[in-house]
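My questions all concern the structure below.
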Ligand code: B12
Ligand code: SF4
Ligand code: SF4
């Protein structure tokens, strides 16, 4: 086919060769056949027409205050591929499947409690992996159509990766908000490439959630306010990624999650038995995916970078993960961690960490925790941290109303 194109003589970077529709349909099929060689699990093609319905949806989403703040703010750019590549004619969407199970997960037990990283933070950062796959795909296409222009993105780009994937027939837009592919379930990362190639679009998939509502029922915080509609501010995945105070009602809901949340995917029947182990870079190190909590409290910047710098959990730095580790120890009521939490309460330079440690000590209770909280109250200068310490001192586990667990 590449030969055919060169014979046409028009393949330079300024102009697109005029080829029949049969050529582009054949190129698309050839590209899909090449997907496994390129390390891609599914490829679909969408038209590059503006996403007009999505735009209305995003406007309403913003009005309702449901945005996380991590989204591209410019709604025109989010919904108009032509603004990102003026010669856009199609969008090639890709999906790469990732594992959902740990092989021999280390045990979390009293005295050695562990947290859990969401599956999207296992293995090498998926942004790195998908950018590599998109670069390979671009090179593959350029070999065949040298005049091709491409604008690739994954997660941090302007477009809605899910809306593109849905239009390209990668999967359906599910009630838990994920794109679920009939083959891989929702354990897929998404990325796309806007191109100037007139590739024929694929049909959207016809599968759906049907009557199921398991994800909505299982969401710990009621963040899925309607099928396919998320209030990101209530979503634990979002909350674990913030750097500031976690509102108290959400503390217990976080459980031992250190980064992200998978509940609405693990309960999904469409994910049953789906675990993808064929992408070498995405396979997890169980010690990193399910790390001991106490060592995280004092991890230094250098060590954090060495251990987690290559994963997608590192983008917000170590602070949110350390704060979540403190919360997890409190949720576990891990009495053996009282000395470590006391160190954080009295010595950490970050008020959020000190106040959160107060919350955890209030959950664990006992004389040592009480003494630490009283000492901290006398010395604390941060207003918010003082509030957390005072509320911790009122907890039944501290006042003795109920015996500490
Ligand atoms: C901001 C963001 C978040 C926020 C908000 C998530 C959300 N649901 O909006 C937070 C931090 C909470 C988050 C969490 C997660 N995220 Co995130 N996130 C994004 C990001 C950057 C933008 C998403 C966005 O704009 N949302 C706004 C909503 C309104 O739009 P949308 O979801 O993009 O589009 C859909 C809706 O608009 C809907 N829609 C449109 N019109 C209408 C009309 C009706 C009536 C209905 C019902 C729906 C509907 O259809 C569109 C297609 O599904 C994307 C990457 C990207 N650039 O797109 C990744 C992305 C969505 N995240 C991803 C992942 C993996 C996750 C987590 C699973 C990570 C984790 N384990 O913790 C969770 C899942 C939480 C959940 N239930 O959605 C993947 C999803 C892969 C997949 N298979 O779907 C993406 C695509 C990243 C990637 N490139 O792979 N994320
Ligand atoms: S990621 Fe967790 S908190 Fe967010 S919608 Fe899914 S189950 Fe709910
Ligand atoms: S749990 Fe049920 S409703 Fe939720 S995404 Fe899966 S199939 Fe759809």
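At R0 = 51 Å, how high is the FRET efficiency between residue 252 and residue 278 if r is their beta carbon distance? Nearest 0.05 is fine. Each step should come with its number before you reach the end.
Details: r = 37 Å, r/R0 = 0.73.
It comes out at approximately 0.85.
So what's the angle, to the nearest 10 degrees on a 0 to 90 scale, between helix 319-332 and the longest Cα principal axis of the chain?
So the helix axis and the longest Cα principal axis differ by about 50 degrees.
Let me ask something additional. Hey, what's the per residue convex hull volume over the C-alpha atoms of the chain, in cubic angstrom? Kindly include the intermediate steps, with their values, before the conclusion.
Numbers: hull volume 61.1 nm³, N = 405.
Dividing the Cα hull volume of the chain by its residues yields 151 Å³.
Using packing as a proxy for protection, rank 46-59, 103-116, 152-165 so that the peptide with the highest average count of other Cβ atoms within 10 Å comes first.
The most tightly packed comes first, giving 152-165, 46-59, 103-116.
If you don't mind, there's one more thing I want to ask. With labels modelled as points extended 7 Å from the Cα through the Cβ direction, what inter-label distance (nm, one decimal) is found for residue 135 paired with residue 62?
3.3 nm
Values quoted throughout were computed directly from the atomic coordinates according to the rules given, and no laboratory measurement underlies them. All of these numbers come straight from a predicted model, not from anything done at the bench. Neighbour counts run over all protein chains shown; Cβ positions are idealised from the backbone, glycine included.
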